[in-house]
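Shown next, in structure tokens, is the structure this report addresses.
The values are calculated or read from the model by the stated rules, or taken from the named source; none is laboratory data. Keep in mind that this is a model prediction, so the values were computed, not measured. Cβ: placed from backbone, ideal geometry, glycine included. Neighbour counts: every protein chain shown. Surface accessibility is based on the protein's heavy atoms, side chains included, excluding ligands, DNA and RNA. Shrake-Rupley method; radii C 1.70, N 1.55, O 1.52, S 1.80 Å.
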Amino acid sequence: MTLFNKTREDFLEFFKKRGHKIVPSSSLIPDDPSVLLTTAGMQQFKKYYTGELNPQSDFGSNRTTTLQKCFRTSDIEEVGDDTHLTFFEMMGNFSFGPVGSDDPTDFSLSGYFKRSAIVWAYEFITNTLEISPERIYVTVFEGDNQTPTDKESYAIWKNEIGLSEDKIKSGKREDNFWGPTGVEGPCGPTTEIYVDNVEVWNLVFNEYYKTRINADEDNADQRGKYVKVKNPGIDTGMGFERLLVMLEGVKNVFETSAFSSIISEIKKSAVKSSEREVRILADHIRSSAFLIADGIRPSNKEAGYVLRRLLRRIIAIKIKNDIHSDVFQIGFEQVKNFFGKYYPELNNEKEILSVWNDEFEKFQESIAKGMKEVTKYQKITGKEAFYIYESFGLPYELILELAVPESIKDLNREDFENEYKKHQEISRAGIANKFGGHGLVLDTGELKAGSNEELARVIKMHTATHLLQWSLRKNIDLNIKQMGSDINPQRLRFDFNFDRKLTPEEIKTVELDINRVIQKDLPVYFKEMPKEEALLVGALSFFRQKYPDIVKIYFIGSETNGGIVSTEFCGGPHVNHTLEIGSFKITKEESVAKGIRRIRATIG
């Protein structure tokens, strides 16, 4: 058995023997609308820490352990160095309380806290992984004016584990306290374990709850206070790839067994590529495969845009270095062979390669022209960079990748963004002129109206989009969700996730159901409530949009007379009763991207 396989299986088995239920990794598409992609192992367990869900009912234990696939967009531009990755795996063990004896020899199904978490972590590292104690030191929270020093963790490390004082270092809040910034939620001090001066394991002790005082307060530090919770929890995370660096004695993550085979195969084809470019290809192919396998498709918004950035960077390196072979397929074969045992979704090879091929066909001609344009410049400023972006579709990141290094030494992101803002202002002025030159009565980005008469019409169409999403989910597929919307006085446009063309019969059924509801003259109203409560009542949210803690939820229907038809996160505005819409007619249904359909419709 390879060290790659053995380490992950040893970890899960170690905690299974200590009363933990092994829980499969959740999708990279999180249930939490406040985040774009899954970034940590604890995300799928968030509601167990807040008490909204019961771990005993769902897992039969207050203890769980996982190997969670994660993705962090903040590291995309750093990929190519020795440490940064976009996709990675996080090993973790979790306790949701209430705390039992907190005796590390207690392997029951009850909750536990600092003592067990620390003792087990040290035992796993030194006994199971056989890492010498001489290579280890730890950090604990030093305390500040908001929460006290974590004396308990210090005492456990010193008195029970037996670390000398010079191996127990103090850490400030930014390093050794985990929790929400400016909002409410579970939080607490952390203790971090370092091997050879590299952090490998972070143990979070959720013993506080940060309360919300004033939603309008600008100063995050003054928005809440830290209250001790009755049932504290444990949330730990250990980066798997980073751990392999230690165990395999290599210099960086790309030399570990998690990457060695894919790197080796890519180098055979990408002979003109630099070491940095080979690493980027390996990381981006691996992460793109996982994103596609979890249902994300290239688009210009949210997670779809992240995937598009990755795929187009692969294409750029492929064209730049004259790689004739299908480097994505070559790399993906290694990813599938290596991870398919643990993540069966990667075995859908036909679909994953189809998404890649579609994006490659769309973008290769544009990028080839853009590359030729980029190399013409001796100096590229924000203005030139935006021109290249607007004319050839090369994002700022690819311009940096493809340009002659000397030509971009004065280029910075801020100048590019300023040019982009100027473009948006010009575009808004053009829209205003389109509506009679008087400006817009309403322009939310989704809704546009130039007069009170037009305003009344777009409001009706806005309510109709809620009914359209409801009818599509009811009659076509319950997994359908809004991916975009644009409404003006002439028509509404609604984008949704679906992988085939709707039949004429399906379109007719959707229309009939909407018109039936319209004629029922159902009430349309909203309630303001905490975001978590809204999710519990089943409110639909726009694809991965971030929402405030207090949200507005629009309901269509009656709770006492016939039931609720539609429940959605929305800021409004809407009609008061459905009969105000009049009637609904679908005028066109088409594809706009792989796995994304678009409906155009109007009202009468």
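Here ARG500 meets the list (1) of a type outside the set (Ser, Thr, Tyr); (2) outside any strand (DSSP E or B); (3) modelled with pLDDT of 90 or more; (4) open to solvent by less than 50 Å² (accessible area, probe 1.4 Å) almost entirely, failing just condition (4).
Looking for something in contact with a Phe, Trp or Tyr (Cβ under 6 Å, 6 or more places away or on another chain), within 30 Å of ALA258 (Cα to Cα) and assigned to a strand (DSSP E or B) - is there at least one such residue anywhere in region 54-67? Show your work before the answer.
Step one: filter region 54-67 for residues in contact with a Phe, Trp or Tyr (Cβ under 6 Å, 6 or more places away or on another chain), giving 55, 62, 64-65.
From what's left, within 30 Å of ALA258 (Cα to Cα): 64-65.
Imposing the further condition that a residue be assigned to a strand (DSSP E or B) reduces the set to 64-65.
Yes, the conditions are met somewhere in region 54-67.
Of the numbered conditions (1) of a type in the set (Lys, Arg); (2) within 30 Å of PHE4 (Cβ to Cβ); (3) out of contact with any strand residue (DSSP E or B) (no Cβ under 6 Å at 6 or more places or on another chain), ARG135 fails exactly one; give the number of that condition. The one condition ARG135 does not meet is (3). Taking each residue of region 366-385 that is farther than 22 Å from LYS422 by Cα and looking for partners that are hydroxyl-bearing (Ser, Thr, Tyr) with beta-carbon atoms closer than 6 Å, six or more apart or interchain, yields TYR377/SER407; GLN378/SER407.
When we screen GLN68, GLN43 for residues that are modelled with pLDDT under 95 and closer than 26 Å to ALA303 by Cα, the only hit is GLN43. Looking at MET246, MET238, just one residue is closer than 23 Å to PHE339 by Cβ, touching a helix residue (DSSP H, G or I) at 6+ places or on another chain (Cβ under 9 Å) and either in a helix (DSSP H, G or I) or at pLDDT below 90 (or both), and that residue is MET246.
Working carefully through the options ILE29, ILE76, find the one that is in a helix (DSSP H, G or I), among the aliphatic types (A, V, I, L, M) and within 30 Å of SER541 (Cα to Cα).
Details: ILE29 fails: in a helix (DSSP H, G or I).
Being in a helix (DSSP H, G or I), among the aliphatic types (A, V, I, L, M) and within 30 Å of SER541 (Cα to Cα) holds for just one of ILE29, ILE76, which is ILE76.
A single member of GLN68, GLN56 is surrounded by fewer than 17 Cβ atoms within 10 Å (Cβ to Cβ) and either hydroxyl-bearing (Ser, Thr, Tyr) or over 29 Å from GLU401 (Cα atoms) (or both), and it is GLN56. Within region 479-495, restricting attention to residues that are more than 22 Å from the chain's Cα centre (by Cα) and part of a loop (DSSP other than H, G, I, E, B), the residue that is surrounded by the fewest Cβ atoms within 10 Å (Cβ to Cβ) is GLN490. Within region 228-255, residues that are closer than 17 Å to ALA282 by Cα reach partners that are in a strand (DSSP E or B) and β-branched (Val, Ile, Thr) with beta carbons closer than 7 Å, at six or more positions or on different chains, in the pairs ARG242/VAL198; ARG242/VAL200.
Filtering region 370-379 for residues that are touching a Pro at 6+ places or on another chain (Cβ under 7 Å) and buried (at least 17 other Cβ atoms within 10 Å of the Cβ) leaves an empty set.
The rows are residues; the columns are (1) surrounded by fewer than 20 Cβ atoms within 10 Å (Cβ to Cβ); (2) over 24 Å from the mean Cα position of the chain (by Cα); (3) modelled with pLDDT of 95 or more.
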residue	(1), (2), (3)
ARG72	yes, no, no
ILE76	no, no, no
PHE94	no, no, yes
GLY97	no, yes, no
GLY100	yes, yes, no
PHE107	yes, yes, no
GLY111	no, yes, no
ILE118	no, yes, yes
ALA121	no, yes, yes
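The set of residues in region 12-26 being touching a Ser or Thr at 6+ places or on another chain (Cβ under 8 Å), open to solvent by 20 Å² or more (accessible area, probe 1.4 Å) and not in a loop (DSSP other than H, G, I, E, B) consists of LEU12, LYS16, LYS21, ILE22.
Residues that are among the hydrophobic types (A, V, I, L, M, F, W, C) and either at pLDDT 95 or above or open to solvent by 30 Å² or more (accessible area, probe 1.4 Å) (or both) occur in region 265-275; there is at least one. Can you name the number of the only condition in (1) surrounded by fewer than 17 Cβ atoms within 10 Å (Cβ to Cβ); (2) more than 19 Å from LEU36 (Cβ to Cβ); (3) under 28 Å from the mean Cα position of the chain (by Cα) that ASN300 fails? Unmet condition: (2).
Listed conditions (1) β-branched (Val, Ile, Thr); (2) part of a helix (DSSP H, G or I); (3) buried (at least 20 other Cβ atoms within 10 Å of the Cβ) are all met by ILE323, apart from (2). All told, ILE330 meets the bar of being among the aliphatic types (A, V, I, L, M) and in a helix (DSSP H, G or I).
One residue stands out in region 564-586 among those that are of a type in the set (S, T, N, Q) and over 12 Å from GLY604 (Cβ atoms): the one that is most open to solvent (accessible area, probe 1.4 Å), namely ASN576.
Taking first residues from region 307-319 that are under 16 Å from GLU365 (Cα atoms) and open to solvent by less than 10 Å² (accessible area, probe 1.4 Å) and partners that are assigned to a helix (DSSP H, G or I) and among the small types (Gly, Ala, Ser), the Cβ contacts under 9 Å between residues at least 6 apart in sequence or on separate chains come to LEU311/SER288; ILE314/SER288; ILE314/GLY331; ALA316/GLY370.
Does ASN214 qualify as being polar (S, T, N, Q), at pLDDT below 90 and either surrounded by 14 or more Cβ atoms within 10 Å (Cβ to Cβ) or farther than 30 Å from PHE328 by Cβ (or both)? Yes; evaluated as a whole, the condition is true for this residue.
Evaluate region 163-183: report whether one residue or more is open to solvent by less than 40 Å² (accessible area, probe 1.4 Å) and β-branched (Val, Ile, Thr). Working first, answer last.
Going through region 163-183, the residues open to solvent by less than 40 Å² (accessible area, probe 1.4 Å) turn out to be 163, 168, 171, 176-177, 179-180, 182.
Adding the requirement that they be β-branched (Val, Ile, Thr) leaves 168.
Within region 163-183 (the criterion being open to solvent by less than 40 Å² (accessible area, probe 1.4 Å) and β-branched (Val, Ile, Thr)), the answer is yes, since at least one residue qualifies.
The set of residues in region 1-11 that are part of a loop (DSSP other than H, G, I, E, B) and in contact (Cβ under 8 Å) with a residue 12 or more places away in the chain contains only THR2. Counting only residues that are hydroxyl-bearing (Ser, Thr, Tyr) and either more than 23 Å from PHE177 (Cα to Cα) or part of a helix (DSSP H, G or I) (or both), region 122-161 holds 6 of them.
Going residue by residue through region 134-149, is there one that turns out to be closer than 30 Å to GLY249 by Cβ, surrounded by fewer than 15 Cβ atoms within 10 Å (Cβ to Cβ) and free of Cβ contacts under 8 Å to residues at least 24 places away in the same chain? Explain how you work it out, then say what you get.
First pass over region 134-149, keeping only residues closer than 30 Å to GLY249 by Cβ: 134-140.
With surrounded by fewer than 15 Cβ atoms within 10 Å (Cβ to Cβ) added as a condition, the list becomes 134-135.
Remaining after also requiring free of Cβ contacts under 8 Å to residues at least 24 places away in the same chain: 134.
Yes, that holds for at least one residue.
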